[in-house]
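Handing you a structure now.
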Ligand code: FES
């Protein structure tokens, strides 16, 4: 039995953290909900003013806290409300992927996506893609036996 099959058979459900720009991916997630699109419930969203606010430390901290996968979702390239925030985020994601590789964590656990607020279907597809990808990889080597620490509800995240 392959490792992939073992993970699928063991009923492993990945915990995925998403850093979403409020202008695009966060709205796309809302739209996906309004459209009643089905996607796996494995993702928790942190809303950002712009993905340019993503810091490499946030991404590393997420893995340290035991999240199995992390993605950053920003506006389409050329459409960031803060000019180049999404391009900076892409650079940070690529940088952190290299760091993950150095510490023997699969860089595929981290990804950057771009979408517009009208792309509810793309948001649902993104969650599906990341969930399937992480299921194949199995639990993060940094994951303890407990749930990831930073599992706040969406209401807690948006109350500030
Ligand atoms: Fe959406 Fe910058 S405003 S990524």
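Each value in this text was obtained by applying a stated rule to the coordinates, not by laboratory testing. All figures in this text were calculated on a predicted structure; none of them were measured in a lab. Here Cβ is always computed from backbone atoms with ideal geometry, including for glycine, and neighbour counts include all displayed protein chains.
Sorted from fewest to most neighbouring beta carbons within 10 Å, what does the list 67, 92 look like?
Working: 67 27, 92 20.
Ascending Cβ contact count within 10 Å gives the list 92, 67.
Among 27, 116, 34, what is the fewest-to-most ranking by other Cβ atoms within 10 Å?
Details: 27 20, 116 16, 34 9.
Placing the least packed residue first, the sequence is 34, 116, 27.
Got a sec? Which residues in region 38-55 would a label at residue 84 touch, if it sits 7 Å along Cα→Cβ and we count backbone N under 20 Å?
Within reach of a label on residue 84: 49-55.
Please order 26, 58, 95 by the number of other Cβ within 10 Å, starting at the fewest. If you can, show how the numbers build up before the last one.
Numbers: 26 22, 58 17, 95 12.
Ordered from fewest to most neighbouring Cβ atoms within 10 Å, 26, 58, 95 come out as 95, 58, 26.
Give the share of C-alpha pairs in each 10 angstrom bin for region 15-119, from 0 to the last occupied bin, in whole percents, shortest bins first.
16, 49, 30, 5, 0
If you average the sequence gap of Cα pairs under 8 Å that are 6 or more apart and divide by the length of region 1-149, what percent do you get for the contact order?
On the way: 273 pairs, mean separation 55.5, N = 149.
Result for region 1-149 is 37 percent.
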